[in-house]
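The values are calculated or read from the model by the stated rules, or taken from the named source; none is laboratory data. Not measured: the values here are computed from a predicted model. All Cβ positions, glycine included, derive from the backbone under ideal geometry; neighbour counts span all protein chains shown. Quick note on the areas: whole protein, heavy atoms, side chains included, nothing else; ligands and nucleic acids left out. Shrake-Rupley method; radii C 1.70, N 1.55, O 1.52, S 1.80 Å.
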Amino acid sequence: MMMRAAALGAAFLATTALTTAAVSAETLRWARAAEALTLDPHAQNEGPTTTLMHQIYEPLIVRNMEGQMEPALATSWEPSAEDPNVWVFTLREGVTFHGGQEFDSADAVFSLERAMTETSNFKELLSSVSEVRAVGPYALEIVTDGPNPLLPNNLTNIMMMDEGWATENGAEAVQDYAAGEDTFSARNTNGTGPYVLESREADVRTVLSANEDYWGIGEFPLAASEIIFTPIQNPATRVAALLTGEVDFIQDVPVQDLGRVAEAEGIEVITAPQNRVIFFGLNVGAEDLANDSVEGANPFADVRVRQAIEIAINREAIQQVVMRGQSEPAGVINPPPVNGWTEALDEYPTYDVAAAQALMEEAGYGDGFSVQLDCPNDRYVNDEAICQAAVGMLAQIGIEVNLSALPRAQHFPLIANGETDFYMLGWGVPTYDSEYVFNFLYHTQTEGRGSWNGTGYSNPEMDAMIVSLASEVDLDARNQTIADLWAMAEEEVIYIPIHNQILNWGIADGWDTVVDADDQVKFKYFVAE
Amino acid sequence: MLSYILRRVFQSVLVLLVVGLVAFAMFRFVGDPIDTMLGQERTMQDIERLRETLGLNKPFFVQYWDFLVRAVQGDLGISYRQGRPVAEIIAERLPATLELAAVSGAFALIFGIVMGIFTAIRRDGFAANAIMTLSLVGVSLPTFLIGILLIYVFAVELSWLPSFGRGDVVRLGGWSTGFLTQSGLVALILPSITLGLYQMTLIMRLVRSEMLEVLRQDYIRFARARGLRDRAIHFRHALKNTLVPVITVTGLQLGSIIAFAIITETVFQWPGVGLLFINAIQFVDIPVMAAYLMLISVMFVGINLVVDLLYVAIDPRLRA
């Protein structure tokens, strides 16, 4: 009996000691509104999923929190000297997966090919790739169907998996819910990243612990030894959890609570402009708009009407009143960190109702018209309020706007299906290059390109220039084409830029980081204060 | 008798089928899952391919039929949002909702009856009037506001209770329970009050009015004349006669506590089926929405069926 009591006591002491140890190590409790959708690194190209994946898996090249490309599993990369269609990568040696397997070029080939399959959500980023081949255990070549100077930019979110692990567990194919599949890789992970998945209950809690064999130990701060992630959807609850100290870091402080969080003791709000621009799209291609008062004609087809709208939107008022200062008014639908952005392009026209009225008069719409504006109400910061502000501003030049604000699941299909005359959209540029913007938003809507161009705009000359960007190796010439394209776009005014969003992260004392413009947290860069 | 039962069962199944049909007819108005599933870089080709494979091009009654055929075989499909079997997800989430509902039901019943009796006996006292006035506030404030107020007072200002989540849970077979850990029990307090407050005021007012009614009856007057003590009159005679309608209402309300825990679960990030349903709506996760709605309607129809059958047992006239 005594023995048993003693043993129990010892066991109890051991557990207490363990708990104390766990508390004294640096645990970072992290919350944000959205949950990752899957653990399969190639299944969902979507912010919160990619963020979680970045802690566990690694791409060949990664963007650090300042947005610069940095070596991850590739140590160097350059275009081949012999063949302009080939990029040569040198892979990092001595890297092991969490399961102990070694990372080599076979894994890289496997992962890239997996990301190019039909059900992968990343295949568009690799659409120019015709072949991936291993030329040595740590040498990789990617062949493109023409010179692609920007291929490395497209690789920063494409994660590397272990071929053996995937094959053994039947996870060669990307998870495909369409086929009713429940794949191994959607529940299990085996990456090379700084953190190892300990446990996960979707929508409840995901626990990550430090990877003790990480190749980057000593190179990165790696201040957190454990990360506990909890999605908290309700903004008020999320802020409360930060204020009470139940979480240390929240990725989305609501605009209306910024003051309160900043004033609270022991918490800091850190901000940075986001890589996301908010704008309105105008249906310029339709013969006649579906929901307007003008019969037999499309008022948006007249560039003067578009210009009138452009100068009738008071961007500074939206910034001050709707966004409480948390935005940067924009003059171009290209966020500042993106190649092709210039200060001159981003200058927005002066708000001028009289000039706008004159333009409307000139276009023959002096008496105005009515039109429907489609707006999401749960996607961007204060999206519906921005639209409401625009309704009032456009009324001043005689355009009576009927606002239709819908949840995202109903709003975005309108754009894809071309069922909207006038809509709000936000756009981030993960490749940090203007080609991405032109491809999706300006190119004529075809099977492969222009899938987010809901304006009906089609300009063959512009299309040809956009296509040429993909294979132009001379970077100066390419940048010139980009500048020319932006000049054309500025004249056409098919989009009305509003502003770039600003990111607000709330972080408890004891931790510090810089805010990533893509809202992609990479915890290996977090430092303890 | 048998024909009565068979008729009731047949009617219940019919109701279930109609609920499902209406649900499937509504899904198209919730939105299109394709965009949320494919991400920013999708092409028009991807959209077509996915719509085809998911069968979203088919008319809603065909989709409904496909769902029924698979559901009968026990296959509820795969969640669009999580990529896992819907049955597994619901089984994982149901304990959280059921435990929350049980605790808030108990809270509503105990406090409702006690306060109902109190306000009936001391009907003109200051405390009773204060409770009655406060209960009006409880009925008229929306649930999410009550939840946020409670979080603000007890979590942010006083730091007594957690603001979100279920705390630590213990797994017992397929069931996860928060009853066995301290953090789990503490985490139950605020959500249970939020969810049960409306039911509590309802029961309290019901008990009060029934009690007042009963206290006016002749047999209470005779009891007093017999010189029985107040305590015996109130609790042995009056209360017993008050409880019949209370039990009926409580039974019916338990169903709605489970079904309408959605808002409370969202405010407290409570990982139950209500939160699952809200997420499913935002994502247009049709398999989860369909399964949840069917589950809730099976529950309601089931409760009603049991009540109907109990009537038969109680009322001999129906057996003829």
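Structural remarks
- Inter-site label distance for residue B:249 and residue A:317 at 7 Å from Cα along Cβ, in nm: 5.2
- Rounded to the nearest 10 Å², the accessible area of residue A:176 at probe 1.4 Å: 30
- Complex-versus-alone comparison for the stretch B:151-186, residues with a loss of 40 Å² or more in accessible area, probe 1.4 Å: B:156, B:163, B:164
- Interface area, chains A and B: about 4400 Å² of buried accessible surface, summed, with a 1.4 Å probe and ligands, DNA and RNA left out.
- Both numbers refer to the Cα atoms of the protein assembly as shown; Rg and Dmax are 31.0, 113 Å.
- Within the accessible area of chain A (1.4 Å probe), percent carbon and sulfur: 50
- Using the rule -39500 (n - 2.57) for each DSSP H run of four or more residues, divided by the residues of the protein assembly as shown, the 222 nm mean residue ellipticity is -14000 deg cm²/dmol.
- Rolling a 1.4 Å probe over the protein chains gives residue A:491 an accessible area of about 130 Å².
- At an R0 of 25 angstrom, the distance between the Cβ atoms of residue B:185 and residue B:256 translates into a FRET efficiency of 0.55.
- In order along the stretch A:488-494, the phi-based Karplus estimate (6.51 cos²θ - 1.76 cosθ + 1.60, θ = phi - 60°) of 3J(HN,Hα) comes to 4, 4, 4, 6, 6, 6, 7 Hz; Gly and Pro are listed as x.
- Accessible surface comparison of A:449, B:236, probe 1.4 Å, protein chains only, largest first: the order is B:236, A:449.
- Radius ratio Rg over Rh of chain B, counting only Cα atoms, Kirkwood formula for Rh: 1.06
- Residues whose amide H comes within less than 5 Å of that of residue A:403, counting only those at least five positions distant or on another chain, are A:373 (H built at 1.01 Å from N in the peptide plane).
- Distance distribution note for the stretch A:227-292: the fraction of Cα pairs above 17 angstrom is 56%.
- GNM top mover of B:221, B:166, B:205 - chain B, alpha-carbon springs below 10 Å: B:221
- Net length gained if the chain between residue B:216 and residue B:98 were fully extended (0.36 nm per residue, minus Cα distance): 38.6 nm
- Here the spin labels are modelled as points 7 Å beyond Cα on the Cα-Cβ line, and at residue B:139 and residue A:198 they lie 4.9 nm apart.
- Accessible area per residue was computed with a 1.4 Å probe on protein heavy atoms; residue B:293 scores about 50 Å².
- In this structure chain A gives 38 Å² per residue of accessible area when probed at 1.4 Å with all protein chains present.
- If you wrap the Cα atoms of the stretch A:27-229 in a convex hull and average its projected area over all directions, you get 11.3 nm².
- For the residues B:222, B:27, a 1.4 Å probe over the protein chains yields an accessible-area ranking, largest first, of B:222, B:27.
- Approximating the spin labels as points 7 Å out from Cα along Cα→Cβ, the residue B:152-to-residue B:62 distance works out to 5.3 nm.
- Phi-derived couplings, Karplus 6.51 cos²θ - 1.76 cosθ + 1.60 at θ = phi - 60°, listed residue by residue for the stretch A:401-415: 9, 9, 8, 10, 9, 10, x, 4, 5, 9, 6, 5, x, 4, 6 Hz, with x used for Gly and Pro.
- With a cut-off of 13 Å on the backbone N, the residues of the stretch A:366-396 near the modelled label site 7 Å out from residue A:402 along Cα-Cβ are A:370-374.
- Apportionment of accessible area to carbon and sulfur, chain B, percent (1.4 Å): 69
- Candidate residues A:163, A:246: accessible-area rank, largest first, probe 1.4 Å: A:163, A:246
- Extension gain from residue A:184 to residue A:358, taking 0.36 nm per residue of separation minus the Cα-Cα distance: 56.3 nm
- Restricting the calculation to alpha carbons of the stretch A:273-502 gives Rg and Dmax of 16.7, 51 angstrom.
- Between residue B:310 and residue B:72, the FRET efficiency from the beta-carbon distance, with R0 = 25 Å, is close to 0.30.
- The mean sequence separation of alpha-carbon pairs under 8 Å and at least six residues apart, normalised by the residue count of chain B, gives a relative contact order of 27 percent.
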